[in-house]
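A short write-up of the structure that comes next.
The values are calculated or read from the model by the stated rules, or taken from the named source; none is laboratory data. Quantities reported herein were computed from a predicted structural model and do not represent experimental measurements. Positions of Cβ are backbone-derived with ideal geometry, glycine not excepted, and every protein chain shown enters the neighbour counts. For the accessible areas, the whole protein counts, side chains as well, though only heavy atoms, and no ligand, DNA or RNA atoms are used. Shrake-Rupley method; radii C 1.70, N 1.55, O 1.52, S 1.80 Å.
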Amino acid sequence: MDEKILFVDDDSNILAAHKRQFHKKFNVITVDSAAKGIDEVKKQGPVAVVVSDYRMPEMDGVQFLSTVKQIAPDTVRVLLTGQADMQTSIDAINEGNIFRFLSKPCSNDILTKALNAAIEQYRLITAERELLDKTLRGSIKVVSEILSMVNPVAFSCSSRINNLTKKLAERLNVENMWEVELAVMLSQIGCVTIPGETLERKYQGEDLSIEENQMFFDHPNIGKSLLANIPRLGGIADAIAYQEKRFNGGGVPIDDRKGEDIPLISRILKVVLDFDLRVARGETKPQAIAQMRSHMQWYDPDIFRELESEVIKKEECYVKQEIMLKELMPGMVLAEDVKTEKGMLLIQKGYEITHILKKRILNIGNVNPIIEPIKVLKELQKTEV
């Protein structure tokens with residue numbers, strides 16, 4: 001087996017016995033202290049299974065496995081102990097999320113079965129993560145790329161808010177960052193039903209008709225409907241449905257949810273989307289923050305505070321750079337809209353160029369000349385500030 005199993009025990013005789021017993025079946029690593037165990041998990045990772053003794057100097061097995069959980073959440077944790085009292089069991093389960101709790105002395109047969117089950121559990125965990133990281137996220141990225149071509153105004157918004165939303169989520173210690181990433185990518189999916197010119201006027205701050213406003217505020221619910229039947233995306237669908245909901249209970253959807261009853265990702269999106277809309281309409285970042293502060297009842301105060309910290313105190317410095325179409329590269333951020341000479345909007349400013357979008361722009365440019373030079377944003381290095 002390729003998966004690593006780490007045994008941690010302060011008794012060298014027990015470690016030697018584990019090594020003799022399992023080295024032909026498993027990839028075995030042994031250490032004689034919790035501190036060394038933590039170093040091994042950090043250096044040898046990924047470690048599939050950690051088997052720890054309970055009674056060890058400096059740090060007991062529950063404390064050690066709780067630390068392992070923080071630094072390597074996919075690692076499956078097993079506790080071996082002769083202290084099989086009720087409180088130890090409760091602490092092991094609650095603090096360390098122990099997969100197996102085995103009492104000493106433990107027979108070879110029982111320990112072998114526990115290790116096989118732990119490795120199988122590790123494979124299930126990593127397979128699920130691979131599904132999320134590669135298959136699901138990759139599929140949604142393709143859908144997002146296609147929809148960005150159908151409605152560039154809506155999906156340029158998703159691109160603009162991507163980095164800021166993830167930074168706020170990280171500051172707030174959101175556990176499932178993959179949900180945040182997918183929620184951002186799909187936040188504007190309901191806008192496929194809105195004419196591009198209507199969205200453009202919305203972002204420019206022009207007055208919309210009652211019907212157009214209704215179309216715009218329907219898009220979160222439409223987004224939820226499009227995603228509701230996709231496995232594992234129920235929480236993301238709910239987050240998208242409430243992205244325009246105000247912290248005080250106003251906004252859409254019209255229901256009784258308010259405050260922390262609104263999904264956390266929705267509350268983050270509300271703050272970031274309102275900020276982005278104001279900047280898109282020409283306000284400076286400090287002006288946008290000040291205007292939002294006058295409507296503080298709309299926003300989760302903790303999230304708004306993180307927005308201020310991220311945008312105002314650590315505002316990034318950029319310089320505009322003019323380049324020709326052939327110099328456009330993935331990762332560049334547009335400083336101005338990209339349009340054809342006939343006035344057709346291809347991509348809005350603020351959008352980060354991808355390989356697919358670059359290909360699309362070049363293909364369109366072969367048929368309909370594009371206005372050049374194109375203006376992009378270049379982040380200044382500290383030495384340039």
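So what is the 222 nm mean residue ellipticity for the chain from helices alone, if each DSSP H run of at least 4 adds -39500 (n - 2.57) and you divide by all residues, rounding to the nearest 500 deg cm²/dmol?
Values: 15 runs with 192 residues, N = 385.
Result for the chain: -15500 deg cm²/dmol, rounded to the nearest 500.
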Task: Label-point separation, GLN204 to ALA17 (7 Å along Cα→Cβ), nm - done: 8.0
TODO: Give me the angle, in degrees from 0 to 90, between the Cα long axis of helix 264-280 and the longest principal axis of the Cα atoms of the chain, rounded to the nearest 10.
DONE: 30
- [ ] Compute the long axis of helix 137-150 from its Cα atoms, compare it with the longest principal axis of the Cα atoms of the chain, and write down the angle in degrees, 0 to 90, nearest 10.
- [x] 0
Open item on the list: Starting from the Kirkwood Rh over alpha-carbon pairs, what translational D in µm² s⁻¹ does the chain have by Stokes-Einstein at 4 °C and 1.567 mPa s?
Closed with: 53
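Please report, as a whole percent, how much of the solvent-accessible surface of the chain comes from carbon and sulfur atoms (probe radius 1.4 Å).
51
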Task: Within straight-line cross-link reach of LYS36, aspartates and glutamates at Cα separation under 16 Å, skipping those fewer than 8 residues along the same chain - done: ASP9, ASP10, ASP11, ASP53, GLU58, ASP60
TODO: Given the peptides 205-212, 193-200, 20-27, 50-57, arrange them by the average over their residues of other C-beta atoms within 10 Å, most packed first.
DONE: 50-57, 193-200, 20-27, 205-212
- [ ] May I ask for the equivalent-ellipsoid semi-axes of region 102-254, computed as the square root of five times each C-alpha gyration tensor eigenvalue and listed largest first in whole Å?
- [x] 42, 16, 13
Task: Per-residue ³J(HN,Hα) for region 105-121, Karplus 6.51 cos²θ - 1.76 cosθ + 1.60, θ = phi - 60°, Hz, x for Gly and Pro - done: x, 10, 5, 4, 5, 5, 5, 4, 4, 5, 5, 4, 5, 5, 5, 4, 5
Task: Members of LYS320/LYS358; LYS270/LYS339; LYS258/LYS349; LYS42/LYS69; LYS24/LYS69 lying beyond 23 Å, as alpha-carbon distances in this model show - done: LYS270/LYS339; LYS258/LYS349; LYS24/LYS69
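Shape call for region 1-71 from the C-alpha gyration tensor, a ≥ b ≥ c root eigenvalues: rounded (a/c under 1.5), prolate (a/b greater than b/c) or oblate?
Since a/c reaches 1.5 but b/c is at least a/b, the shape of region 1-71 is classed as oblate.
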Task: Length released on extending from ASN363 to LYS342, taking residue separation times 0.36 nm less the Cα-Cα span - done: 6.0 nm
Task: Alpha-carbon centroids, region 361-378 and region 289-306: separation in whole Å - done: 38
Open item on the list: Restricting to Cα pairs below 8 Å that are 6+ residues apart, what does the relative contact order work out to for the chain? Please round to a whole percent.
Closed with: 10
Task: VAL76 long-range amide H proximity, modeled H, under 5 Å - done: VAL49, VAL50
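So if we plug the beta-carbon distance of VAL319 and LEU124 into 1/(1 + (r/R0)^6) with R0 = 51 Å, what FRET efficiency do we get, rounded to 0.05? Present the calculation step by step, with values, prior to reporting the outcome.
Working: r = 49 Å, r/R0 = 0.95.
For VAL319 and LEU124, the calculated efficiency is 0.55.
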TODO: Would you mind classifying region 211-258 by shape? Square roots of the alpha carbon gyration tensor eigenvalues, ordered a ≥ b ≥ c; an a/c under 1.5 is rounded, otherwise it is prolate if a/b is larger than b/c and oblate if not.
DONE: oblate
Task: Note, ³J(HN,Hα) from phi for region 203-210, Karplus 6.51, -1.76, 1.60, rounded to Hz, x at Gly and Pro - done: 6, 7, x, 7, 5, 9, 6, 4
